[in-house]
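Asker: Following this message is one structure expressed as structure tokens.
The values are calculated or read from the model by the stated rules, or taken from the named source; none is laboratory data. These figures come from a predicted structure and were not determined experimentally. Backbone-built Cβ (ideal geometry, glycine too); neighbour counts: all protein chains shown.
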């Protein structure tokens, strides 16, 4: 019972926490139903990993020490290791492995490179291990992909995956990088794919420290869009946009201390401009609603925010996500960032376990609140933008109705909606069918994200976007 | 050599002690069995004054709505005490067995202050906020239920401010704003949407 609880806690912790920080050495283990990351430590110039931690999430495991002997039981098989020896008895068979077994504080450490030979015997299943990139695949869990250039105008690189993927996407001039931290992605036959096109001449696949990375090189800025429930990623050059979104956003913004209408307008030129700001609520030690024993609101909102950003960006809408990791951002700072970004719309994301479908909120402000002077009161900063916020909420509601998702629109005293100077809505997502598992379903998240993005993009002009 | 009569006396005394111990143990066991379960509801002091018909705005989680519900409760004439009694009646419902909007056991309103002109300050206890269920709608229902119940039954209440244990707090349970001063007219308009 205790072992089961420990495994459960370990699995949940590993699934909730970010897999690892980029600087530390890690091994990532992909198995049917779970992906987890473990730290790799150096001992005498050799990389080591805790053996119990490697197998604990995969079955029923127990371990105990008998003098210098460390005995491990995995499901129905026993293994015995001896401190400072490189020979072990696994399921009744003697086997050697490179480097000595270490016992440290009751933990059994094995050389990292030995996992490829030890784990198939211990787990009694096939294992594929790349010790250089520190990625280990248990059973048949690999996700493969193909990449094909479609010679349309503009050209598009269509990547089809054998399972849904949700990589972290970063763009820099002439390059779009997709990092797959959780997916058991396996590279193509050759690490570099070349295409006969100037806009997208090549793509490369590399894997390192537990992460697989696909970089698409382009002759122009690139963007990625998801389809087919996350099984297809299409990379294409960013459409040439007039500079209007940023300028319109700046002109439409009414940030605190913005000059009044009859005063000279000051349009900041150095700060980046975003059309949309997405605020995944909660984060860090603020978990938000405990949607289930294992699922916190903060994790659902972050996943949803990433999807929504992709949806916005695939429509050419520059987007800022206020937190892209599990960190706590104070409410005032969220509003301040949204105001500073001179966004045209602010979308706060929440999740709930009660009810069905989606609830949309706009700010609840005091009746008769006004902000007519050059300075805007913090608590009622939303006053001027409230009509457009309500219009945005109605548009999103109509889109959800079209998608036959239960929808309700309300005002709410929800921080920091009233501190945001631009159009601001909050979207609270409840399960579609009443089953909490809906909230983590890629298809449901995608439907919600796509609905929001479609509705907001459709009211570009009304919100102050380019014609 | 201990005299025989002393041995008998000591024996009788030992038997008496054991018997008393057994008896006390049984008495204590019975007392624990018959002790009533701790009542989580706030202790309601007797409210002086005639019984009056009031309207309570009761949150209902099932539909995410507020319902106006008539009730007869004894109300004193002083405005501040009336406010306290109204909130007590509301909390009795929320802490009751078949609560439509359950609050955590031990949730209570520490004090209500009426500050002229038209400002009510409601001081919640720590349990009320710390153990409140988190969620935009759940928290909104609690806040609007309290504000609307006061505004509907006590004239000239214009604004409401919440404190927790006498101190300002940013949100009730992560969502509903407690840092702001609520405008009762705006809340009434919202309540109309929530019915």
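Asker: Quick one: residue A:369 ticks every box in (1) more than 20 Å from the chain's Cα centre (by Cα); (2) at the interface with chain B (Cβ under 9 Å from one of its Cβ atoms); (3) buried (at least 24 other Cβ atoms within 10 Å of the Cβ) except a single one, so which number is it?
Answerer: (3)
Asker: Suppose the filter is more than 9 Å from every other protein chain (Cβ to nearest Cβ), touching a helix residue (DSSP H, G or I) at 6+ places or on another chain (Cβ under 7 Å) and not in a loop (DSSP other than H, G, I, E, B); does residue B:150 pass it?
Answerer: Yes, satisfied.
Residue by residue, here is whether (1) over 18 Å from the mean Cα position of the chain (by Cα); (2) outside any loop (DSSP other than H, G, I, E, B); (3) crowded, with 22+ Cβ neighbours inside 10 Å; (4) at pLDDT 90 or above holds:
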site	(1), (2), (3), (4)
A:247	yes, yes, no, no
A:257	yes, no, no, no
A:261	yes, no, no, no
A:272	yes, no, no, no
A:277	no, yes, yes, yes
A:288	no, no, yes, yes
A:298	no, yes, yes, yes
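Asker: For the range A:338-355, how many residues are more than 8 Å from chain B (Cβ to nearest Cβ), closer than 19 Å to residue B:175 by Cβ and modelled with pLDDT under 95?
Answerer: Selection size over the range A:338-355: 1.
Asker: Considering (1) within 12 Å of another protein chain (Cβ to nearest Cβ); (2) over 19 Å from residue B:110 (Cα atoms); (3) touching a strand residue (DSSP E or B) at 6+ places or on another chain (Cβ under 9 Å); (4) at pLDDT below 95, say which one residue B:192 fails and leave the rest.
Answerer: The single condition residue B:192 does not satisfy is (3).
Asker: Another question, then. In this structure, is residue A:308 in contact (Cβ under 8 Å) with a residue 40 or more places away in the chain and assigned by TED's automatic domain parsing to the domain that holds residue A:415? Full working, then the answer.
Answerer: On the way: in contact (Cβ under 8 Å) with a residue 40 or more places away in the chain: yes; assigned by TED's automatic domain parsing to the domain that holds residue A:415: yes.
Against the criterion (in contact (Cβ under 8 Å) with a residue 40 or more places away in the chain and assigned by TED's automatic domain parsing to the domain that holds residue A:415), residue A:308 qualifies.
Asker: Also: Just the residues that are more than 19 Å from the chain's Cα centre (by Cα) and surrounded by fewer than 18 Cβ atoms within 10 Å (Cβ to Cβ), please, taken from the range A:173-186.
Answerer: Within the range A:173-186, A:173, A:174, A:175 meet the criteria.
Asker: Determine, yes or no, whether residue A:115 is in contact with a helix residue (DSSP H, G or I) (Cβ under 8 Å, 6 or more places away or on another chain), under 24 Å from residue A:132 (Cα atoms) and either at pLDDT 90 or above or crowded, with 20+ Cβ neighbours inside 10 Å (or both).
Answerer: Spelling it out, residue A:115 is indeed in contact with a helix residue (DSSP H, G or I) (Cβ under 8 Å, 6 or more places away or on another chain), under 24 Å from residue A:132 (Cα atoms) and either at pLDDT 90 or above or crowded, with 20+ Cβ neighbours inside 10 Å (or both).
Asker: Hey, another quick one. Give me the pairs: first residue in the range A:74-93 and in the same structural domain as residue A:115 (by TED's automatic domain parsing), second residue assigned to a loop (DSSP other than H, G, I, E, B) and surrounded by fewer than 16 Cβ atoms within 10 Å (Cβ to Cβ), beta-carbon distance under 6 Å, and six or more apart or on different chains, which are they?
Answerer: Close Cβ pairs (under 6 Å, with a partner that is assigned to a loop (DSSP other than H, G, I, E, B) and surrounded by fewer than 16 Cβ atoms within 10 Å (Cβ to Cβ)) amount to A:75/A:60; A:77/A:91; A:82/A:68; A:83/A:68.
Asker: Still on this model: Search the range B:154-181 for residues being assigned to a strand (DSSP E or B) and within 7 Å of chain A (Cβ to nearest Cβ), and hand back the single one that is nearest to residue B:59 (Cα to Cα).
Answerer: B:176
Residue-by-condition table, conditions (1) modelled with pLDDT of 95 or more; (2) closer than 18 Å to residue B:54 by Cα; (3) surrounded by fewer than 18 Cβ atoms within 10 Å (Cβ to Cβ):
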residue	(1), (2), (3)
B:72	no, yes, yes
B:78	no, yes, yes
B:97	no, no, yes
B:111	no, no, yes
B:116	no, no, yes
B:126	yes, no, yes
B:141	yes, no, no
B:146	yes, yes, no
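Asker: Among what's in the range A:101-112 and is modelled with pLDDT of 90 or more and not in a strand (DSSP E or B), pick the residue that is nearest to the chain's Cα centre (by Cα).
Answerer: By that ranking, first place goes to A:112.
Asker: Kindly establish whether residue A:361 is outside any loop (DSSP other than H, G, I, E, B), more than 14 Å from chain B (Cβ to nearest Cβ), touching a residue at least 12 places away in the same chain (Cβ under 8 Å) and touching a helix residue (DSSP H, G or I) at 6+ places or on another chain (Cβ under 9 Å).
Answerer: Taking the combined requirement at face value, the residue does not satisfy it.
Asker: A further question on this structure: Kindly indicate whether any position in the range A:385-408 is within 14 Å of another protein chain (Cβ to nearest Cβ) and either surrounded by 24 or more Cβ atoms within 10 Å (Cβ to Cβ) or within 21 Å of residue A:286 (Cα to Cα) (or both).
Answerer: Quick first cut of the range A:385-408, residues within 14 Å of another protein chain (Cβ to nearest Cβ) only: A:386, A:390, A:393-394, A:397, A:406-408.
Next, only the ones that are either surrounded by 24 or more Cβ atoms within 10 Å (Cβ to Cβ) or within 21 Å of residue A:286 (Cα to Cα) (or both) stay: none.
No.
Asker: Out of (1) part of a strand (DSSP E or B); (2) within 16 Å of residue A:31 (Cα to Cα), the odd one out for residue A:178 is which?
Answerer: With (1) part of a strand (DSSP E or B); (2) within 16 Å of residue A:31 (Cα to Cα) applied to residue A:178, the lone miss is (2).
Conditions tested, residue by residue: (1) surrounded by 20 or more Cβ atoms within 10 Å (Cβ to Cβ); (2) part of a strand (DSSP E or B); (3) outside the structural domain of residue A:384 (by TED's automatic domain parsing).
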position	(1), (2), (3)
A:418	yes, no, no
A:428	yes, yes, no
A:434	no, no, no
A:438	no, no, no
A:456	yes, no, no
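Asker: Between A:140, A:160, A:166, which is under 30 Å from the mean Cα position of the chain (by Cα), closer than 30 Å to residue A:223 by Cα and not in a strand (DSSP E or B)?
Answerer: Going through A:140, A:160, A:166 in turn, just one is under 30 Å from the mean Cα position of the chain (by Cα), closer than 30 Å to residue A:223 by Cα and not in a strand (DSSP E or B): A:166.
Asker: Return the pairs, sorted by first residue and then second, in which the second residue is in a strand (DSSP E or B) and surrounded by fewer than 18 Cβ atoms within 10 Å (Cβ to Cβ), the first residue lies in the range B:52-71 and is within 14 Å of chain A (Cβ to nearest Cβ), the beta carbons are less than 7 Å apart, and the residues are 6+ apart or on different chains.
Answerer: Correct list of pairs: B:60/B:67.
Asker: Let me ask something else. Could you list all residues from the range B:106-145 that are within 11 Å of chain A (Cβ to nearest Cβ), outside any helix (DSSP H, G or I) and touching a helix residue (DSSP H, G or I) at 6+ places or on another chain (Cβ under 6 Å)?
Answerer: none
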